[in-house]
There are 2 protein chains.
Amino acid sequence: MNFHELLLCEGNTLEKEKGEHVFMQGDSDKSLYFIQTGLLKAYYTSSSGKEAIKSFILPNDFIGSLSSIYAGQNCSFSLVSLETSMLVKIPFEKIVEYGKKDIVLANNIIEFLMRLTLKKERREHEFLCMSAEERYLALIESTPILLKKITQNDLARYLGMTPVGLSRIKKRVQSKMSKQGENNP
Amino acid sequence: MNFHELLLCEGNTLEKEKGEHVFMQGDSDKSLYFIQTGLLKAYYTSSSGKEAIKSFILPNDFIGSLSSIYAGQNCSFSLVSLETSMLVKIPFEKIVEYGKKDIVLANNIIEFLMRLTLKKERREHEFLCMSAEERYLALIESTPILLKKITQNDLARYLGMTPVGLSRIKKRVQSKMSKQGENNP
DNA sequence: CATGAATTTTAACCTCGGTTAATGATTGTC
DNA sequence: GACAATCATTAACCGAGGTTAAAATTCATG
């Protein structure tokens, strides 16, 4: 059995309208969600009420709170739908259970975790080595599709800055671009 | 077979003196390293020559470059020994090969990857939601042992700031602490 | 112990991005 | 089409931390 087959036989499909939450920070939710269509955002809310966006989740991505699933704590972030989205929900327990019996599935899970780790490493690298402006430029390069679907507000909170800061950076970048376009002496 | 047994039968032990590199950014190295004793640091070097520290590796940790192992690229960071260290090196290919045949090992790998992902998530959370000062305080709480073994320079580069900045923060924190110690009116 | 090298601290100056608040632009809704 | 609501831009001010360079401290090694 592979991951996809497991989803079909053990998963439940659910639909979330724009603005509906799948779970909230502080909840206990030991499920994994597979996104079929739509767009979601995973975000932290700090004690002072500020929002920081962990990730956007696109079709064919998975999402779930590892700290709830694995570390025995509550969800460290909230998950909300930005567009009407179709999800498949599956208890993580089921995955572990089948993974213990089925080696093909176990290797699917390994694949999936490796890809996830690689993604997290890239993000770590960006925060460690790049300025806010560089992170913005890198995102334009790597995921231009996302830019069309999300607000500037959300984009800023994903890049680790405020919407005001991002607006300033955009302006700065544009003026650099136009200078680059001029005939250089 | 479990992870530990695989290391015994397929791994090679090697010793690295302080200052010796295991691999350099840009190399191709598709091995996983298990640290028995000692201390290592994994760090990025930016195009402008600046260093940012990805992680410190302590006994019983694993380290390897996922981008080389898995993404078919070169190592995105360098790995250097900070103290004389004993490592066990194993080609990642071997792990995959055995993981395809042995379900106990496959589940060991899943365990290991989950723990790694959880660690990366915590670090992502710190960069997204905390100031440099808060990250410093959090590290004092969570890993005081590390503070005794590494230089301020390395600590700063791990927290995403300069040694000068860290020195300033330390001073600020100390003055706060001493104020807290006074009799509050 | 003495010397030099590395590490840490301090100071002066500067830049980037946060904060607050006002102003425009867009969007949705009745 | 008018209104509110949300979103984006702009401006003024501020503070955290970067940069550079010098001074102080610690460490290593002959």
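The values are calculated or read from the model by the stated rules, or taken from the named source; none is laboratory data. If you're wondering where the values come from, they're calculated on a predicted model, not measured in any experiment. Here Cβ is always computed from backbone atoms with ideal geometry, including for glycine, and neighbour counts include all displayed protein chains. In case anyone asks, the SASA skips ligands and DNA or RNA and just uses the protein heavy atoms, side chains included. Shrake-Rupley method; radii C 1.70, N 1.55, O 1.52, S 1.80 Å.
Structure data summary
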quantity: Scan of the range B:50-88 for residues that are under 14 Å from B:Phe3 (Cβ atoms), part of a strand (DSSP E or B) and either without any contact (Cβ under 8 Å) to a residue 60 or more places away in the chain or of a type outside the set (Val, Ile, Thr) (or both), ordered by number; calculated: B:Phe62
quantity: Checking B:Ile109 against (1) free of Cβ contacts under 8 Å to residues at least 60 places away in the same chain; (2) more than 30 Å from B:Pro163 (Cβ to Cβ), the condition it does not meet; calculated: (1)
quantity: Filter pass, B:Glu134 being of a type outside the set (Gly, Ala, Ser), over 30 Å from A:Lys100 (Cα atoms) and out of contact with any strand residue (DSSP E or B) (no Cβ under 7 Å at 6 or more places or on another chain); calculated: yes
quantity: Subset of the range B:24-69 that is of a type in the set (Lys, Arg) and at the interface with another protein chain (Cβ under 9 Å from one of its Cβ atoms) - its residue that is least open to solvent (accessible area, probe 1.4 Å); calculated: B:Lys54
quantity: Test: residue in the range B:107-126 that is over 24 Å from A:Asn108 (Cα atoms), within 16 Å of DNA strand C (Cβ to nearest atom) and touching a Leu at 6+ places or on another chain (Cβ under 6 Å); calculated: no
quantity: Hits in the range A:70-87 (condition: open to solvent by 10 Å² or more (accessible area, probe 1.4 Å), over 23 Å from B:Thr117 (Cβ atoms) and of a type in the set (S, T, N, Q)); calculated: A:Thr84
quantity: Residues that are under 12 Å from the mean Cα position of the chain (by Cα) and either at negative phi or small (Gly, Ala, Ser) (or both), drawn from the range B:53-71; calculated: B:Ile53, B:Lys54, B:Ser55, B:Phe56, B:Ile57, B:Leu58, B:Pro59, B:Asp61, B:Phe62, B:Ile63, B:Gly64, B:Ser65
quantity: Residue count for the range B:137-165, restricted to those that are of a type in the set (A, V, I, L, M) and farther than 21 Å from B:Phe77 by Cβ; calculated: 6
quantity: Tally of residues being more than 7 Å from chain B (Cβ to nearest Cβ) and in contact with a Leu (Cβ under 6 Å, 6 or more places away or on another chain) across the range A:90-104; calculated: 3
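Listed here are the residues, each with its yes/no results for (1) within 14 Å of the chain's Cα centre (by Cα); (2) among the hydroxyl-bearing types (Ser, Thr, Tyr); (3) not assigned by TED's automatic domain parsing to the domain that holds B:Arg157.
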position: B:Tyr33; (1), (2), (3): yes, yes, yes
position: B:Ser47; (1), (2), (3): no, yes, yes
position: B:Gln73; (1), (2), (3): no, no, yes
position: B:Phe77; (1), (2), (3): yes, no, yes
position: B:Phe92; (1), (2), (3): no, no, yes
position: B:Gly99; (1), (2), (3): no, no, yes
